[in-house]
1. Taking the Cα centre as origin and putting +1 on Lys and Arg beta-carbons and -1 on Asp and Glu beta-carbons, what dipole magnitude results for region A:3-86, to the nearest 20 debye?
2. Using modelled amide H (1.01 Å from N, peptide plane; none on Pro or chain starts), what sits under 5 Å from the amide H of B:Tyr131, excluding residues fewer than 5 places away?
3. I need the calculated FRET efficiency for the pair B:Glu599 and B:Thr401, taking r as the beta carbon distance and R₀ as 30 Å, to the nearest 0.05.
4. So for region B:628-700, taking the charge dipole from beta-carbon charges (+1 Lys/Arg, -1 Asp/Glu), which of B:Pro644, B:Ala687, B:Leu661 sits furthest toward the positive end?
5. Give me the Kirkwood hydrodynamic radius of region A:3-86, using the inverse of the mean 1/r over all pairs of distinct Cα atoms, in Å to one decimal.
6. Contact order normalised by length for chain B, with contacts defined as Cα pairs under 8 Å and 6 or more residues apart; what percent is it?
7. Per residue, what accessible area does region A:3-86 have, given a 1.4 Å probe and all protein chains present, in Å²?
8. Could you tell me which trypsin sites (Lys or Arg not before Pro) in region B:160-249 are loop residues by DSSP with no more than 12 other beta carbons within 10 angstrom of their beta carbon?
Amino acid sequence: MSVTAGAHERIEVEVTVNGVPRAAEVPPRRLLSDFLRHDLRLTGTHVGCEHGVCGACTILLDGAPIRSCLAFAVSVHGRELTTVEGLAADDGTLHPVQAAFQDQHGLQCGYCTPGFVMSACGFLAETTEPDDDEIREGMSGNLCRCTGYAGILAAVKQAAGDLRASGADPRSQHQPEDDAFAGRPGGEHGPAGGDGGGEVPS
Amino acid sequence: MSTGTEVRPGTRSGLGQSVRRPDGTPKVTGTFAFSSDLFARGMLWGRTLRSPHPAARIRSIDTSIAERMPGVASVLTARDVPGRPTYGLEHADQPVFASETVRFQGEPIAVVAAEHPELALRAVAAIEVDYEVVTPLTDAEAAIGAAPIHPDGNVFRHLHLRHGDLDAVGAVSVEGSYEVGMQDQAFLGPESGLAIPVDDGGVELFISTQWLHVDRDQVAACLGLPPERVHLTLSGIGGAFGAREDVSLQVHVCLLALRTGRPVKMLYSREESFHGHVHRHPARLWYRHHADPDGRLVKVEARIVLDGGAYASSSTAVIGNAVCFAAGPYRVPNADVDGWAVRTNNPPCGAMRGFGAVQVCFGHEAQMDRLAAALAMDPVELRLRNALAPGDELPTGQVITGTAPVREVIEAAMALEPPPLAATDPPADGTMDLPGGAGLTATRADVVRGTGLAVGFKNLMYSEGFDDASTANVRVELDHRGEPLATVHCAAAEVGQGFVTLAQQIVRSVLGVEQVALRPADTTIGSAGSTSASRQTWMSGGAVELACLAVAEALAERAGYGGGAPDEVLDLDVVELLREGPIDRTRAHHHPPTEPLDEDGQGDAHVSFAFAAHRAVVDVDPELGLVKVRHIATGQDVGRALNPQAVIGQIEGGIAQGLGLAVMEEMLLEDGRLRNPSFTDYLIPTALDMPPVTATLIEQPEPGAPFGAKGVGEPPTISSTPAIVAAIRAATGLELPRIPVRPEHIALAEA
């Protein structure tokens, strides 16, 4: 980490994001969520409340879930981050948690979904055989306004079973060839606002 | 109108099946582009200056310091609005920027575009406004007769429904007053949009909204541009629930883009979002119910006052619904309902899931329980005895010609076996099920249990003579592999409800084409109307069906069938026929016409109705005032479940919002100021607050509805709230005339 003094002080941050080394010079007060979204253009991490309540910005820091809106980018220098973009296999096969959210209708508008998916990955790494009450409590730190949570809880339950069957670490990128879990294909055609990055041709 | 298309049960991923969302993969992988995720090269960031005062006169606005700040590209105020200075969903009474008068806290005064969002924030802080603070008018009842705070007056709409014999009285009558607090839609994705200037002097706007075309028309009018030079494209929407029906930043961001000649993005913070969109109308209700000794309703009298806040928004429609549905889903031969929607200096209120029907349902269901008590009658039996049925007349004089399974939804909600919840049972191990949950505050021995039932209904689609038609285009062609590909183009806003899934299902079922793509929703096609009033399945689903049928007819013609035989298209060799070229058809879908209400609130004003009943089981610690909702059972009239998993998702999500209004959610106001604009202080239900839901779908196909389906989004939010409060009343014996019920209403209630 190198520090440049002055009014427009910027600090170089080096992190590993989804297994890829990334570096950027940022102001010391740059939030980790803004660093991911604006500097690295990883917009899958969403910001819903900016103060750690809603959980939409949840990512994994060295494998543990944190609220990226409550951390500064400089505070994670040298550490390893996993965002929702880092879960599916390279061939696009969904991670068991992602597939379960699809299967169980664990999303509607989808804004809270990346945060829930990351929270679930952290939770299932700690609690491999959760009962229904444990799942409910484990998912109670994230807000969803659309679903009433039943589909989300069912998804985490399904994912727990699939992960147990495969023995995979839920915090790692999905490796379809290594495990018994039969990956599910993705959707066929994205609708409005759908597939692809956020860049609008200007 | 229904065209009577048969749904073929064998069709893979067609209607009637729990087909997965086509946007599921991008949403679970993080690649789905929400409006907040959009970036354009060279874009600026916009930010709004809002009034800190609910009521003030503006003496002067000085933007000179902000304008000189390096990196600030533009600062705009009311004098920079080239077109109409005001906008509004139904009445253009809301200024794009306040210039002389501030009418609510958070009203926009100016906008800034700068190179960085934080710089924009600093520039906003550098604008100097000299306010002469005025005492705000915050009492809705007082506003009716108070000096007008807007040139259009303080009454948005007064509707006095009179039906039957107004002098009729019942052997038994009960009276009650009720109050509903201000709820917020609290979608998770704050308002955002990206505007890009176009070479012809127009503008392109990527926006999360519920209704592209009505936004387009309002934006164009304020910009002083013809509508065809304002092009809107729907971007990913993080929930809506009514809060995205009104314009928020649309005009501001386009003004900044046109002024600077650069792309401009605006993105509200959570606090700004609470100030930047309309809320659910707070309500004061007074009721008197009359019944004969057998419990048959004789007359319902009501007075309803809705606080519409500073600007009209959809207040006229909300009070229309409140008056029409004030008596609930019951046979009421005589009615006298006086409804007001008024202007105050509180935040503007407008659409939220179940608009109008939610507020009155809290009143009429409390009254039905009160009446049952006065009659010493079972409240379920009282409701069944008065339940509306097909052929019955509403207090508006309209006869129900479609389905009305009120008895069925009540019986379904009551039939479900409650989980083993008797107060003496030790709850499942752990303390999460006790009131107060993880706080370990409640003592099991103190907990009392209550059960409550409530029933509600509302209209589907827009009412009172409004033709909210929808348009869809369906194109069928061979793809690069020679396989049939259908592409649907419709401007219906996908806000999470699953219209995108349904559109694909319809095409598969009607045309037998498995591969269905969806074009982005935008304003290059005709309006689809709003994603509100539970209307898109019926209206835009119907438009997609009509376009499919037109394609089928063209295919049949190609095959040599003279008159065209849509149903036979499934047996045609579509690949062979499409070798001649693509087929492309656009169709508009209108619902049957409705009438305006007359001066007595009478008329065939509504297209169709949907009903639901909820039974709630709650545990309460009366000493601490803590409530734990333990179970909700519901029966819902859905017409036909076109995607059962999606229907259940709407029901569970709608109940969560109803639970929020019952025991958690309120925008707290003090002299017109919002006290809790954050998710720390405005609490919405978490997974621990939501009980298990057991739902029974009542499937009676609605005549005239495409595929027989009714909209399902709003009914779960209407009667879940009063069911929960009825259960708390049953547990505590308290009257609880106000929602949300807070701990002090229970713990500090006078015996």
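The values are calculated or read from the model by the stated rules, or taken from the named source; none is laboratory data. All figures in this text were calculated on a predicted structure; none of them were measured in a lab. Here the Cβ positions follow ideal geometry from the backbone for every residue, glycine too, while neighbour counts run over all protein chains shown. When the accessible area is computed, the model is the full protein with side chains, heavy atoms only, and any ligands, DNA or RNA have been set aside. Shrake-Rupley method; radii C 1.70, N 1.55, O 1.52, S 1.80 Å.
1. 140
2. B:Arg59
3. Efficiency, from the Cβ-Cβ distance: 0.80.
4. The listed residue farthest towards the positive side: B:Pro644.
5. Taking the inverse mean of 1/r over all distinct Cα pairs, region A:3-86 comes out at 12.7 Å.
6. 17
7. Here the residues of region A:3-86 average 42 Å² of exposed surface.
8. Sites meeting the loop and neighbour criteria: none at all.
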